[in-house]
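Colleague: Below: one structure in structure tokens.
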Amino acid sequence: QVQLVESGGGLVQPGGSLRLSCAASGSSVSIYAMGWYRQAPGKQRELVARITSGHSTKYADSVKGRFTISRDNAKNTVYLQMNSLKPEDTAVYYCNADHPIRGFSDYWGQGTQVTVSS
């Protein structure tokens with residue numbers, strides 16, 4: 001059983017930065033691929049960034065070059081550094097832990113709100 005708790009969201013101006021954190025507890029998530037997803041009002045939930053257990057990363061085209069996902073396995077935590085934020089980045093951001101074996105449980109955090117507005 002894994003619990004994920006996101007933090008670091010808030011209100012920022014366009015062009016600003018935020019760093020989101022996802023703290024895992026209950027079990028180590030070192031073997032999991034970890035992802036950040038977001039859901040804006042009226043939109044589907046989308047994958048923003050993903051990092052594998054081997055620290056390989058991928059990003060949505062819309063955030064490439066602006067966002068960076070990283071993980072610290074010693075702290076059982078994953079991060080999303082968000083720079084050059086745009087109003088269209090406004091969404092609830094969710095952390096996900098994806099077990100490497102298909103059919104095994106994956107886990108979601110409760111989400112943290114990011115609002116980019118003047």
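One line per residue, one yes/no per condition, for (1) open to solvent by 50 Å² or more (accessible area, probe 1.4 Å); (2) in a loop (DSSP other than H, G, I, E, B); (3) more than 19 Å from residue 71 (Cβ to Cβ):
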{"residue": "6", "(1), (2), (3)": "no, no, no"}
{"residue": "15", "(1), (2), (3)": "yes, yes, yes"}
{"residue": "31", "(1), (2), (3)": "yes, yes, no"}
{"residue": "35", "(1), (2), (3)": "no, no, no"}
{"residue": "38", "(1), (2), (3)": "no, no, no"}
{"residue": "48", "(1), (2), (3)": "no, no, no"}
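Colleague: Name the residue, out of 54, 10, 16, that is more than 11 Å from the chain's Cα centre (by Cα), within 13 Å of residue 92 (Cβ to Cβ) and not hydroxyl-bearing (Ser, Thr, Tyr).
Modeller: On the way: 54 fails: within 13 Å of residue 92 (Cβ to Cβ); 16 fails: within 13 Å of residue 92 (Cβ to Cβ).
Result: 10 is the single residue among 54, 10, 16 that is more than 11 Å from the chain's Cα centre (by Cα), within 13 Å of residue 92 (Cβ to Cβ) and not hydroxyl-bearing (Ser, Thr, Tyr).
Colleague: Here is a follow-up. Among the candidates 64, 75, single out the residue that is open to solvent by 30 Å² or more (accessible area, probe 1.4 Å), basic (Lys, Arg) and either closer than 22 Å to residue 13 by Cβ or in contact with a Cys (Cβ under 6 Å, 6 or more places away or on another chain) (or both). Reasoning before the result, please.
Modeller: Numbers: 75 fails: either closer than 22 Å to residue 13 by Cβ or in contact with a Cys (Cβ under 6 Å, 6 or more places away or on another chain) (or both).
The conditions single out 64.
Colleague: Okay, next question. Hey, among 53, 70, 21, 25, which residue is among the polar types (S, T, N, Q) and surrounded by fewer than 14 Cβ atoms within 10 Å (Cβ to Cβ)?
Modeller: Values: 53 fails: surrounded by fewer than 14 Cβ atoms within 10 Å (Cβ to Cβ); 70 fails: surrounded by fewer than 14 Cβ atoms within 10 Å (Cβ to Cβ); 21 fails: surrounded by fewer than 14 Cβ atoms within 10 Å (Cβ to Cβ).
Every option except 25 fails the conditions.
Colleague: Going by what's in this entry, would residue 43 be described as surrounded by fewer than 15 Cβ atoms within 10 Å (Cβ to Cβ), among the basic types (Lys, Arg) and over 19 Å from residue 108 (Cβ atoms)? Step through it out loud before you land on a result.
Modeller: Values: surrounded by fewer than 15 Cβ atoms within 10 Å (Cβ to Cβ): yes; among the basic types (Lys, Arg): yes; over 19 Å from residue 108 (Cβ atoms): no.
So residue 43 does not fit the description; no.
Colleague: Would you please name the residue that is most open to solvent (accessible area, probe 1.4 Å), looking only at residues in the range 80-106 that are under 21 Å from residue 68 (Cα atoms) and of a type in the set (Phe, Trp, Tyr)? So that I can check it myself, show each step before the final result.
Modeller: First, pick out the residues of the range 80-106 that are under 21 Å from residue 68 (Cα atoms): 80-98.
Cutting the leftovers down to of a type in the set (Phe, Trp, Tyr) gives us 93-94.
On the way: 93: 0, 94: 39 Å².
Of everything passing the filter in the range 80-106, 94 is most open to solvent (accessible area, probe 1.4 Å).
Colleague: Let me spell it out: the conditions are (1) part of a helix (DSSP H, G or I); (2) touching an Asp or Glu at 6+ places or on another chain (Cβ under 9 Å), and residue 88 meets all of them except one. Which number is the exception?
Modeller: Among (1) part of a helix (DSSP H, G or I); (2) touching an Asp or Glu at 6+ places or on another chain (Cβ under 9 Å), the lone unmet condition for residue 88 is (2).
Colleague: What are the residues in the range 52-98 that are of a type in the set (D, E, K, R) and without any contact (Cβ under 8 Å) to a residue 60 or more places away in the chain, if any? Before the answer, list the steps.
Modeller: We begin by selecting, within the range 52-98, every residue of a type in the set (D, E, K, R); these are 58, 61, 64, 66, 71-72, 75, 86, 88-89, 98.
Once the filter is applied, which keeps residues that are of a type in the set (D, E, K, R) and without any contact (Cβ under 8 Å) to a residue 60 or more places away in the chain, the range 52-98 yields 58, 61, 64, 66, 71, 72, 75, 88, 89.
Colleague: In a strand (DSSP E or B), in contact (Cβ under 8 Å) with a residue 40 or more places away in the chain, on the phi < 0 side of the Ramachandran plot and of a type outside the set (Val, Ile, Thr) - does that describe any residue in the range 99-112?
Modeller: Here is the first cut: in the range 99-112, the residues in a strand (DSSP E or B) are 107-108, 112.
Narrowing further to those that are in contact (Cβ under 8 Å) with a residue 40 or more places away in the chain: 107-108, 112.
Next, only the ones that are on the phi < 0 side of the Ramachandran plot stay: 107-108, 112.
Now restrict to residues that are of a type outside the set (Val, Ile, Thr): 107-108.
Within the range 99-112, one or more residues are in a strand (DSSP E or B), in contact (Cβ under 8 Å) with a residue 40 or more places away in the chain, on the phi < 0 side of the Ramachandran plot and of a type outside the set (Val, Ile, Thr).
The values are calculated or read from the model by the stated rules, or taken from the named source; none is laboratory data. All of these numbers come straight from a predicted model, not from anything done at the bench. Here the Cβ is made from the backbone with ideal geometry for all residues, glycine too, and neighbour counts use every protein chain on show. Keep in mind that these areas ignore ligands, DNA and RNA; they rest on the heavy atoms of the full protein, side chains included. Shrake-Rupley method; radii C 1.70, N 1.55, O 1.52, S 1.80 Å.
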